[in-house]
Amino acid sequence: MITLGIETSCDETSASVVKDGREVLSNVVASSLNLHKKFGGIVPEIASRAHLESINFVVSQALKESKKKLKDINLIAVTSDPGLIGSLLVGVSFARALSFALRKPLVEVDHVKAHLYASFFEKSAPRFPFVGLVISGGHTNLYRVNNFFSFKLLGTTLDDAAGEAFDKVAKILDLGFPGGPIIDKISAKVKNNRLRFNYSQLPGTFNFSFSGLKTAVLYYVNKNQHKKDFSPKCVAASFQEAVVDNLVEKSIFACKKLRIRSLVLGGGVVANSRLRTKLSQEAEYQDIKVYFPQRNLCLDNAAMVAGLGFQISKTGGAIC
Ligand code: KG4
Ligand code: ZN
C-alpha cells in the first residue's frame, strides 16, 4: 500500500511517499525559513504564499525520488490541523483536489499526533501503550497513547511551548532565528557553567510552564548585559539545561505514575543534543525504553503524516 503524505502546517512544504506505513521511499522538505529570518519569526502570509509556489514541485519530486507515479498512489494523507490556517489550506486544498482527480481516498491527520509516528520508521518500533511527549514550536503535549486512535492528553504547556521558549530566548540574546538549533550548538561549547535558572515545576501535574523561565532570562540579561563577564553562551546553556531538566523530569514522572515503560518523543525540540543525552541516561537508569526519531524526522515532515494516515485508514477511520 503506497501513501502520499502532504504537510504544510507551518513553514515547511513537505511531501513523502511511504510504503505500508513503515518504509519511507521519499521525504522532500522545502522550507521558507530564510524568507522569515529577518522578521524574527514565521510570518503566516509569507508562509502560505511560499507553500503555493512550492507544492507542485515538492509533490513531483517526492514521486520522482520514490520512483512511483501518481497512478501507484493508493491513499493520500494530509495535515489538516493544527497549524497556520493559510498554510494548512494550501496542503488540504491540494490533497483534496488530487484525491478527487485520482479517485483515491484521502485521510486528514493531526500533525501533532503524527510527530509521535516518526519513531515507527525505526527498526524497532514502539509498542503500545506508551507515554508520548511532543515538543515543538507550537506544542508541548504529554499523552498516554493506547493505539493509533487513542491519544489521551495528560498535560500541556500553560503558556509558551518549549520550542517557542527557545526561539524567544534566542531573540532576547540576539542569536538569530530559529533559536533552538542555535542554542543547542553554542551550549555544547560551554564548560563549567555555574549560572542556573529556576523553572516552574508544577508538582504533581503533567503540565509545563516556560514563560517564567523566559522572563527570568530576560531580567538577568537586562541586569547583566553590560557587565564584563556577561556571556550570552552561558545564559543560553543555562536556559537549555533548565528546559531539558523540566522535560526529562516530567516525562519520566508520567511513565512512573502510569506504570508504562516506553517513552516516545516527537517534534522539533527532540533534535536537541542535550535533551537526547540527558533523557537517554535518566531513562536507562529508570529502566524505561525511550524512542527518539531520526533527527530529520523530528521537524515537520510529510513521512510521519503518511505513516499515521496509513494506520488510521487501515483501521477504517476518518477517510474523506
Ligand atoms: O516540530 P517543528 O518543526 O514545528 C512545529 O510543529 O512547531 O518544531 C520547530 C521548533 C522551533 O521552535 C525550533 O527552534 C525547535 O523546534 N528546534 C529545536 C532544535 N531544532 C529545532 N529546539 C531545540 N534544539 C534543537 N536542536
Ligand atoms: Zn510540528
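The values are calculated or read from the model by the stated rules, or taken from the named source; none is laboratory data. A quick note: this is a predicted structure, and the numbers were derived from the prediction, not measured. We place every Cβ from the backbone using ideal geometry, glycine too, and count neighbours over all the protein chains shown. Surface accessibility is based on the protein's heavy atoms, side chains included, excluding ligands, DNA and RNA. Shrake-Rupley method; radii C 1.70, N 1.55, O 1.52, S 1.80 Å.
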Would you please list the contacts, defined by Cβ atoms under 9 Å and residues six or more apart or on different chains, that run from a residue in the stretch 142-161 that is without any contact (Cβ under 8 Å) to a residue 12 or more places away in the chain to a residue that is open to solvent by 40 Å² or more (accessible area, probe 1.4 Å) and part of a loop (DSSP other than H, G, I, E, B)?
150/128; 150/129
So, in the stretch 12-50, exactly how many residues are within 13 Å of ligand 1 (Cβ to nearest atom), free of Cβ contacts under 8 Å to residues at least 40 places away in the same chain and surrounded by 23 or more Cβ atoms within 10 Å (Cβ to Cβ)?
0
Residue 245, sole failed condition from (1) more than 12 Å from ligand 1 (Cβ to nearest atom); (2) in contact with a Ser or Thr (Cβ under 8 Å, 6 or more places away or on another chain)
(2)
Residue identified as in a helix (DSSP H, G or I) and surrounded by 15 or more Cβ atoms within 10 Å (Cβ to Cβ) among 145, 235, 190
235
List, please: which pairs have Cβ atoms under 8 Å, are six or more places apart or on different chains, and start with a residue in the stretch 78-98 that is part of a helix (DSSP H, G or I) and end with one that is of a type in the set (Asp, Glu) and buried (at least 22 other Cβ atoms within 10 Å of the Cβ)?
87/11; 91/7
All but one of (1) within 16 Å of ligand 2 (Cβ to nearest atom); (2) surrounded by fewer than 23 Cβ atoms within 10 Å (Cβ to Cβ) hold for residue 282, so report the exception by its number.
(1)
With respect to residue 55, is the statement that it is open to solvent by less than 50 Å² (accessible area, probe 1.4 Å) and either in a strand (DSSP E or B) or charged (D, E, K, R) (or both) true?
no
Out of all the residues in the stretch 299-310, is one or more β-branched (Val, Ile, Thr) and either assigned by TED's automatic domain parsing to the domain that holds residue 157 or on the phi > 0 side of the Ramachandran plot (or both)?
no
